[in-house]
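Participant: First the structure, which I've put down as structure tokens, then a few questions once you've had a look.
The values are calculated or read from the model by the stated rules, or taken from the named source; none is laboratory data. Quantities reported herein were computed from a predicted structural model and do not represent experimental measurements. As a convention, Cβ positions derive from the backbone with ideal geometry for all residues, glycine included, and neighbour counts pool all protein chains shown.
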Amino acid sequence: MVNPEKSYCPYCGTPLGIVECEGRMRHYCEPEGRFIYENPIPAATSVVVDGKGRLLLVKRNIKPGLGEWALPGGFVETGESPADAAARELEEETGLRAEGPVLIDIIHQNSEFYRTSLLIIGYHFERFQGKIEPGDDASEVRFFDLEKLPPLAFESHRRIVEIFFGDDR
Ligand SMILES: [Zn+2]
């Protein structure tokens, strides 16, 4: 997959060529003799469940999925572990501080919005504390009964919820 919007080398600024390599069309910087690889972007999300077995969701205040409900989460920063990213985004979006991350699964998903593919890394946090306080990226934060979950913005989040709770929920 070559993103046509990336037309200059990010290292030296030369217009990029497109060359086939290992069965894929890839951006190539001629003067430097190097390929500019495109890789999926990792994002981390949290499954947080309260004492009544209800799932924490945020109503998104940003695109994509503006106005829809989703698991708390966001992109992993360079130098940050995915579990730390999930905990950071959780606190930023909901005000809750969580501990004890356990990996649920990693979901691969193509994204029209970001024009690349994403790796959505889902964690369950076993403990949390604090008071719910929606952050900038969330207009509303609340716990939902599993039987009354609203439609989720992203297929990857639906998969993570299904895998965590099992099909018999
Ligand atoms: Zn270059």
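Participant: Just the residues that are in contact (Cβ under 8 Å) with a residue 12 or more places away in the chain and either more than 12 Å from the ligand (Cβ to nearest atom) or not in a loop (DSSP other than H, G, I, E, B) (or both), please, taken from the range 7-21. Working first, answer last.
Facilitator: Of the range 7-21, the ones in contact (Cβ under 8 Å) with a residue 12 or more places away in the chain are 9-12, 14, 16-19, 21.
Result: Gly17, Ile18, Val19, Cys21.
Participant: Here's something else I'd like to know. Which of the residues belonging to the range 1-17 are exposed (fewer than 12 other Cβ atoms within 10 Å of the Cβ) and of a type in the set (A, V, I, L, M)?
Facilitator: Within the range 1-17, just Met1 meets the criteria.
Participant: Then there is this: Taking Arg34, is it of a type outside the set (S, T, N, Q), within 20 Å of Gly130 (Cβ to Cβ) and without any contact (Cβ under 8 Å) to a residue 40 or more places away in the chain?
Facilitator: Numbers: of a type outside the set (S, T, N, Q): yes; within 20 Å of Gly130 (Cβ to Cβ): no; without any contact (Cβ under 8 Å) to a residue 40 or more places away in the chain: yes.
Judged against the criteria, Arg34 is not a match.
Participant: I've got another one for you. Return the pair list, or none, for Cβ contacts closer than 7 Å from residues in the range 145-161 that are at positive phi to residues that are not in a helix (DSSP H, G or I), at least 6 apart or on different chains.
Facilitator: If the second residue must be not in a helix (DSSP H, G or I), no pairs are left.
Participant: Filter the range 22-76 for residues that are assigned to a loop (DSSP other than H, G, I, E, B) and more than 25 Å from Glu162 (Cβ to Cβ) and give the result. Don't jump to the end; show me each part of the working.
Facilitator: Going residue by residue through the range 22-76, those that are assigned to a loop (DSSP other than H, G, I, E, B) are 22-23, 30-33, 37-40, 48, 50-54, 61-68, 71-72, 76.
Matches in the range 22-76: Glu22, Gly23, Glu30, Pro31, Glu32, Gly33, Tyr37, Glu38, Asn39, Asn61.
Participant: Within the range 77-109, count every residue that is within 21 Å of Glu133 (Cβ to Cβ), of a type in the set (A, V, I, L, M) and part of a strand (DSSP E or B).
Facilitator: Total meeting the criteria: 1.
Participant: Related question: If we keep just the residues of the range 111-136 that are among the charged types (D, E, K, R) and farther than 30 Å from Val2 by Cβ, which is modelled with the lowest pLDDT? Don't jump to the end; show me each part of the working.
Facilitator: Restricting attention to the range 111-136, the residues satisfying the condition of being among the charged types (D, E, K, R) are 112, 115, 126-127, 131, 133, 136.
Checking which are farther than 30 Å from Val2 by Cβ leaves us with 126-127, 131, 133, 136.
Working: Glu126: 92, Arg127: 95, Lys131: 93, Glu133: 90, Asp136: 82.
Ranking the qualifying residues of the range 111-136, first place goes to Asp136.
Participant: Then there's this: Consider Arg34 carefully, then state whether it is outside the structural domain of His108 (by TED's automatic domain parsing), within 8 Å of the ligand (Cβ to nearest atom) and either surrounded by 14 or more Cβ atoms within 10 Å (Cβ to Cβ) or farther than 30 Å from Gly74 by Cα (or both).
Facilitator: Yes, satisfied.
The rows are residues; the columns are (1) surrounded by 16 or more Cβ atoms within 10 Å (Cβ to Cβ); (2) among the β-branched types (Val, Ile, Thr); (3) within 16 Å of the ligand (Cβ to nearest atom).
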{"site": "Asn39", "(1), (2), (3)": "no, no, no"}
{"site": "Ala44", "(1), (2), (3)": "yes, no, no"}
{"site": "Val48", "(1), (2), (3)": "yes, yes, no"}
{"site": "Gly73", "(1), (2), (3)": "yes, no, no"}
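Participant: Here's another thing I want to ask about it. Any chance you could count how many residues in the range 20-33 are of a type in the set (A, V, I, L, M, F, W, C) and either at positive phi or modelled with pLDDT under 95 (or both)? Explain how you work it out, then say what you get.
Facilitator: Initial filter on the range 20-33 (of a type in the set (A, V, I, L, M, F, W, C)): 21, 25, 29.
When the remaining residues are screened for being either at positive phi or modelled with pLDDT under 95 (or both), the result is 21, 25.
Residues that pass the stated criteria total 2.
Participant: Shifting gears a bit: Just to be sure, is Tyr28 more than 20 Å from the chain's Cα centre (by Cα), under 25 Å from Phe113 (Cα atoms) and exposed (fewer than 14 other Cβ atoms within 10 Å of the Cβ)? Spell out how you get there, then give the answer.
Facilitator: Numbers: more than 20 Å from the chain's Cα centre (by Cα): yes; under 25 Å from Phe113 (Cα atoms): yes; exposed (fewer than 14 other Cβ atoms within 10 Å of the Cβ): no.
Judged against the criteria, Tyr28 is not a match.
Participant: Under 6 Å between Cβ atoms, at least 6 apart or on separate chains: pull out the pairs that start in the range 62-83 with a residue that is assigned by TED's automatic domain parsing to the domain that holds Ser156 and end on any residue that is among the β-branched types (Val, Ile, Thr) and assigned to a loop (DSSP other than H, G, I, E, B).
Facilitator: Close Cβ pairs satisfying both conditions: Pro82/Val76.
Participant: Taking the range 98-124, which residues are surrounded by fewer than 17 Cβ atoms within 10 Å (Cβ to Cβ), closer than 16 Å to Leu71 by Cα and in contact with a Lys or Arg (Cβ under 9 Å, 6 or more places away or on another chain)?
Facilitator: Asp105, Gln109
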